[in-house]
Every structure is written in structure tokens, then in C-alpha cells.
Amino acid sequence: MSTRISFRYKSDNKAEDLTPYAKAIRFQEDGFCIALYRPEEKDLYLLEEHLFEEDYPLNGKMHQLAEVAGQWATGGPLRFTCFNACNTQIPKQLFEEENKMLYLQLLTEQPYRFLPMEETVEPYGACLLSGWDKNLYHEALALYPDCRMQSGMGILLHLLAQQEGKKKIAAFVENSCLNIAAEENGKLLGANRFSFQNSNDFLYYLAGFARTLFGDLRDVKLYFGGNVEIQSQLYASTQKYFPDLHLMACGYPQLPQEQHRFCDLLYGGL
């Protein structure tokens with residue numbers, strides 16, 4: 001099994017001891033990203049994105065991931081992130097733990113394939129419920145029994161709360177999926193995930209979601225993260241709808257140009 005490194009950053013400062021460093025892993029269908037960092041100090045030691053060169057079964061992908069990640073023995077917390085196909089937000093006071101499977105049945109036609117996992121999103125007093133693929137969940141925990149499992153949508157909600165603006169949207173592009181969340185005056189309005197095949201699909205979902213919640217888009221701040229480049233046609237097309245458009249950043253001075261691609265890995269929510 002092999003991977004191809006599509007992006008790599010390594011600090012010039014040699015770390016003799018990686019014990020203080022946290023490790024974050026984002027799992028993707030076509031590869032994975034890994035970061036070694038100290039969030040409070042904004043100290044980034046390593047950041048890599050690997051792409052699988054073959055279509056491995058899940059256990060093969062996960063063992064390759066573990067082989068690469070095992071090269072660095074860190075002592076800090078380990079966070080494993082996956083963007084889930086189904087998510088919903090429930091006010092914390094209304095969430096009932098015993099009804100997790102019932103909620104999941106409302107989200108997907110195949111609830112038996114998924115495990116319901118809840119995350120508390122403190123900025124909004126909400127419970128985010130995600131359906132985790134059972135095989136992925138158990139493969140990850142078998143390799144990393146002490147890891148903290150988080151959904152990409154949960155991290156996006158935390159990132160949304162950190163951005164400026166009264167009316168704002170955080171959008172993270174992960175492969176051919178758009179993950180999106182909106183807030184107005186500190187209140188979470190909603191979040192969703194859309195699969196798209198081209199820029200027309202992308203703009204249809206993005207603008208439709210935003211107009212449903214805000215109506216006029218001219219005073220809405222849109223923050224982009226993930227696989228969107230400022231030089232791309234997708235970015236230019238989006239700016240026609242959202243003139244107040246920004247790339248998301250997490251304050252790591254080592255990565256001035258690439259922060260938005262890895263903002264979910266490097267956010268300070270550990």
C-alpha cells in the first residue's frame with residue numbers, strides 16, 4: 001500500500017521531544033491529512049496531506065493511515081475527524097440521549113449502517129448529532145482507542161463562532177461536498193451538507209441555503225475553508241453572489257497561504 005503526499009509543511013525548528021504536541025487526523029475517502037501542533041502556542045510542527053493511489057478497502061486505508069501517523073510519537077491528545085454524510089442540530093435542552101437512534105432514522109434511509117454520535121457545540125447551546133459509518137467508527141477506535149472522535153460539521157460550527165460579523169456563513173469544501181453553517185447575531189440558524197458535481201451545483205446549493213436564511217446576501221459575510229483557492233473560477237463565481245467573501249484562518253503564522261485548507265485540523269478546540 002502506498003500514498004502520494006499532495007501537501008507537506010515541516011517546521012525548520014527540530015523538535016527533540018514531540019510529547020507536548022497534539023495530533024489531528026482528518027479522514028477522507030481519497031486520503032487523509034495529519035497535523036502535529038500545539039494549539040495554545042500556535043506552534044505547528046508538521047502538516048501533511050496524503051492521497052491514496054489505489055482504491056483500497058476501508059481497513060487497508062485505515063492501516064495505511066496508522067502506518068504514516070505512527071511515525072511521530074506524540075504525547076498530547078489525538079483527534080480523529082471525519083465529514084459525515086448526515087448531521088442535525090438539536091437545542092441542548094431538547095436533546096434526549098435515549099432517542100439518538102430515532103433521530104438518526106429521521107436523517108437517513110439506512111440508519112442501520114450508522115452509529116449516532118452527539119457533540120456539544122457550546123457557542124450555540126446545541127447538540128450536534130452525526131451518523132458515523134459503523135465500519136469507519138470501529139476501525140478508527142481499534143487503531144486509536146484513546147482518540148477524540150469529532151465530526152467535520154462540529155468543528156465547522158466552532159469555526160463559525162470564531163469569525164467576525166453579525167450575519168455570517170462558514171463553508172468548508174471537502175472533495176466534492178459543501179459543508180455549510182450560518183449564524184446571525186450569535187444565534188445558529190442552521191447547517192447542512194450538499195454533494196455537488198460542478199460549479200453550477202455548488203452555487204445553487206450555497207446561494208439557495210443563504211437566501212433561505214438571510215434573503216439579501218449583500219451584508220452576509222462568507223468564510224471559505226477547504227479545497228477552494230482564491231485564484232479559482234469557483235471562488236470568483238462565488239464572489240459575485242457574496243461580495244463580502246473571505247478565506248478562513250486560524251492564526252498560524254507559518255501557513256499564511258494554506259490556512260483555509262487545513263483550518264479544521266488546526267482549530268484550537270482540543
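Answer with yes or no whether F209 is aromatic (F, W, Y) and farther than 24 Å from F27 by Cα. Spelling it out, F209 is indeed aromatic (F, W, Y) and farther than 24 Å from F27 by Cα. The residues on offer are A126, A66, A73, and the sole one that is at pLDDT below 95, of a type in the set (G, A, S), more than 17 Å from the chain's Cα centre (by Cα) and crowded, with 17+ Cβ neighbours inside 10 Å is A126. One residue alone among K166, K187 is under 18 Å from M248 (Cα atoms), surrounded by fewer than 15 Cβ atoms within 10 Å (Cβ to Cβ) and not hydrophobic (A, V, I, L, M, F, W, C), and that residue is K166. Among strands (runs of 3 or more DSSP E) entirely within the range 105-188, having at least 1 residues that are of a type in the set (G, A, S) and in contact with a helix residue (DSSP H, G or I) (Cβ under 7 Å, 6 or more places away or on another chain) singles out 126-133, 167-174, 177-184. Would you pick out the residues in the range 218-233 that are surrounded by 19 or more Cβ atoms within 10 Å (Cβ to Cβ) and β-branched (V, I, T)? Selection gives V220, V228. From the list Y37, Y56, the one residue that fits, being hydroxyl-bearing (S, T, Y) and farther than 21 Å from R261 by Cβ, is Y56.
Looking only at the range 208-237, residues that are among the aliphatic types (A, V, I, L, M) and farther than 24 Å from Q162 by Cβ come to 1 in all.
Can you name the residue in the range 133-163 that is under 21 Å from A85 (Cα atoms) and of a type in the set (D, E, K, R) and, of all such residues, is surrounded by the most Cβ atoms within 10 Å (Cβ to Cβ)? Of everything passing the filter in the range 133-163, E139 is surrounded by the most Cβ atoms within 10 Å (Cβ to Cβ).
Taken as a whole, the condition of being at negative phi and either assigned to a loop (DSSP other than H, G, I, E, B) or assigned by TED's automatic domain parsing to the domain that holds L143 (or both) applies to K14. The set of residues in the range 219-247 that are in a loop (DSSP other than H, G, I, E, B), touching an Asp or Glu at 6+ places or on another chain (Cβ under 9 Å) and within 24 Å of F7 (Cα to Cα) contains only N227. Taking the criterion of being in a helix (DSSP H, G or I), closer than 19 Å to M248 by Cα and not small (G, A, S), the residues of the range 190-208 that qualify are F202, L203, L206. Against the list (1) surrounded by 17 or more Cβ atoms within 10 Å (Cβ to Cβ); (2) out of contact with any Cys (no Cβ under 8 Å at 6 or more places or on another chain); (3) under 19 Å from Y252 (Cα atoms), the condition E48 fails is (2). For the range 58-93, the set of residues classified as aliphatic (A, V, I, L, M) and either in a helix (DSSP H, G or I) or on the phi > 0 side of the Ramachandran plot (or both) consists of L58, M62, L65, A66, V68, A69, listed by residue number.
The rows are residues; the columns are (1) farther than 24 Å from V173 by Cα; (2) in contact with a Pro (Cβ under 7 Å, 6 or more places away or on another chain); (3) touching a residue at least 40 places away in the same chain (Cβ under 8 Å).
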{"site": "E53", "(1), (2), (3)": "no, no, yes"}
{"site": "L58", "(1), (2), (3)": "no, no, yes"}
{"site": "V68", "(1), (2), (3)": "yes, no, yes"}
{"site": "T81", "(1), (2), (3)": "no, no, yes"}
{"site": "N84", "(1), (2), (3)": "no, no, yes"}
{"site": "L94", "(1), (2), (3)": "yes, no, no"}
{"site": "N99", "(1), (2), (3)": "yes, no, no"}
{"site": "Y112", "(1), (2), (3)": "yes, no, no"}
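The values are calculated or read from the model by the stated rules, or taken from the named source; none is laboratory data. Keep in mind the model is a prediction, meaning the values are calculated, not measured. In this analysis, Cβ positions are derived from the backbone assuming ideal geometry, glycine residues included, and neighbour counts consider all displayed protein chains.
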